[in-house]
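Each remark here refers to the structure printed beneath this line.
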Amino acid sequence: MAHQLVEAMAGLGHRVEPILNARTYMRQPDPEALIWHLCEAQARRDALLAEWRRDGTAPELWFTYHSYYKAPDLLGPQLSQQLGIPYIIAEGSDSERRAAGEWAEHVALARRSFGLADLHVYFTARDRQSVEPWRGPHAPLLWLPPFIRSVPPAAARTSGTGSPRLLTIAMMRPGKLGSYRALAAALTPLLDEPWSLTIIGDGQMRAEVEAAFAGIPADRLRWLGAIGHEAVKAELATHDVFFWPGVREAYGLVYLEAQATGLAVLAFDSGGVSATVKAGETALLVPDGDMPALTAALARLLKEPGLRQRMGEAARGFVATERTLERATGTIATALELAVSSHAARMAS
């Protein structure tokens, strides 16, 4: 998404200069690591300000993507204030659950940045709700629906006949293991139905993922591991249903990529998944964690080829008309204008 945002802003004629190696991701709440990051950020801010003042190349607006407690923005708030320029946060996310205890200082840093932003661009209702209490009085909220760069030609679809072919794509890491286990659990009661599953992805939890599918006959499963993006697009075009439960998924651009290729989607209504689909039209979403409902929805898609086809056609139309780079670029143009005006209002107050 960060690359797409840069592409959209560049398409509007703006010069976008990423600050290299500026992400302050902290996997664990290590106090010493936080102190190191804070000192490093101070040194980086001083160096950037000196460079910009020497060369006359200071930015006219600061744009931060995905500030949250594990990766609080340690540059944007101070630099935008010292330069007197508008400050935008896109996909900021708060965690009330982490606001006390060992992550408390990290949460406070993220919240401080939320309060100093001139505009918040949000992708999901969950993120809007989490940021709302911490934004400044002059900082509007603007919805930017998740989008993808391109939609493949309609002729790319080559599936639709024979036994239903299911596809899932996800890294095999701890945060994804719950979805993999839900996927296997939903499939296991439906072994009497004809279907096959292709699994694209790899990672440190590969053994645990394979163990989750141990009760499913090997000839039903096709493990492709990690493959390139072009190969992924080719696989999408040969399947019928994209099935990824999406437990606590931020939103998942892969849902959009699957729909763009004409696949119906099946998932939990979890995290930000609902921001990437049209429930009931392009996807079947079931209550988060409701395994009987997930299995029942899968059985319906397996038994009703007409439903799969209708949803797949609607999915492609949805992404091609509503979730394109072109549509997003218009929203980002509005975002930049709003940030400038809200910054002026904040300075005048």
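Assorted remarks:
- The slack between residue 208 and residue 344, meaning 0.36 nm per residue of separation minus the straight C-alpha distance, is 43.7 nm.
- Per residue value of the accessible surface for the chain (all protein chains in place, 1.4 Å probe), Å²: 46
- For the listed peptides 217-230, 181-194, a ranking on the average number of other beta carbons within 10 Å per residue, highest first, reads 181-194, 217-230.
- Rolled with a 1.4 Å probe across the full set of protein chains, the surface gives residue 233 an accessible area near 80 Å².
- Computed over Cα pairs, the Kirkwood radius of the chain leads via Stokes-Einstein (1.002 mPa s, 20 °C) to a diffusion coefficient of 98 µm² per second.
- With a Förster radius of 25 Å applied to the C-beta separation of residue 196 and residue 279, the computed FRET efficiency comes to 0.45.
- Burial order of peptide ranges 242-251, 5-14 (average beta-carbon count within 10 Å, highest first): 242-251, 5-14
- Pair-distance distribution P(r) for the stretch 1-68, from all Cα-Cα distances in 10 Å bins starting at 0: 16, 41, 33, 10, 0 percent.
- Seen through its C-alpha gyration tensor, with square-root eigenvalues sorted a ≥ b ≥ c, the stretch 133-224 comes out oblate because a/c lies at 1.5 or above while a/b is not bigger than b/c.
- Largest-first principal axis extents, alpha carbons of the stretch 25-162, Å: 61, 43, 31
- Only the Cβ atoms of Lys and Arg (+1) and of Asp and Glu (-1) were treated as charged; on that basis the dipole of the chain about its Cα centre amounts to roughly 240 debye.
- The slack between residue 219 and residue 82, meaning 0.36 nm per residue of separation minus the straight C-alpha distance, is 43.1 nm.
- Hydrodynamic estimate: the Kirkwood radius of the stretch 211-299 over Cα pairs, inserted into Stokes-Einstein at 10 °C and 1.306 mPa s, corresponds to D of 114 µm²/s.
- Under 18 Å from the residue 185 label point (7 Å along Cα→beta-carbon), backbone N, the stretch 249-276: 249, 266-271
- Cleavage-rule hits (chymotrypsin sites (Phe, Trp or Tyr not before Pro)) in the stretch 1-80: DSSP loop, at most 14 neighbouring Cβ within 10 angstrom: 25
- Cut-off 12 Å between beta-carbons: net charge of the residues surrounding residue 60, Lys and Arg +1, Asp and Glu -1: 0
- The label-point distance for residue 38 and residue 326, in a model that sets each label 7 Å from Cα toward Cβ, rounds to 4.9 nm.
- Ligands, DNA and RNA left out, the accessible area of the chain computed with a 1.4 Å probe is 53% carbon and sulfur.
- Listed residues 313, 281, 337, most fluctuating in the chain (Gaussian network, C-alpha, under 10 Å): 337
- Highest-MSF residue in the chain out of 16, 151, 319 [GNM, Cα springs under 10 Å]: 16
- Remark: the stretch 280-286, residue by residue, has Karplus-estimated 3J(HN,Hα) of x, 10, 10, 8, 9, 10, 10 Hz, where x stands for each Gly or Pro and the curve is 6.51 cos²θ - 1.76 cosθ + 1.60 at θ = phi - 60°.
- Estimated from the Cβ-Cβ distance and a Förster radius of 41 angstrom, the FRET efficiency linking residue 14 and residue 95 is about 0.85.
The values are calculated or read from the model by the stated rules, or taken from the named source; none is laboratory data. In this text, all values refer to a predicted model and were calculated from it rather than measured experimentally. Cβ: placed from backbone, ideal geometry, glycine included. Neighbour counts: every protein chain shown. In case anyone asks, the SASA skips ligands and DNA or RNA and just uses the protein heavy atoms, side chains included. Shrake-Rupley method; radii C 1.70, N 1.55, O 1.52, S 1.80 Å.
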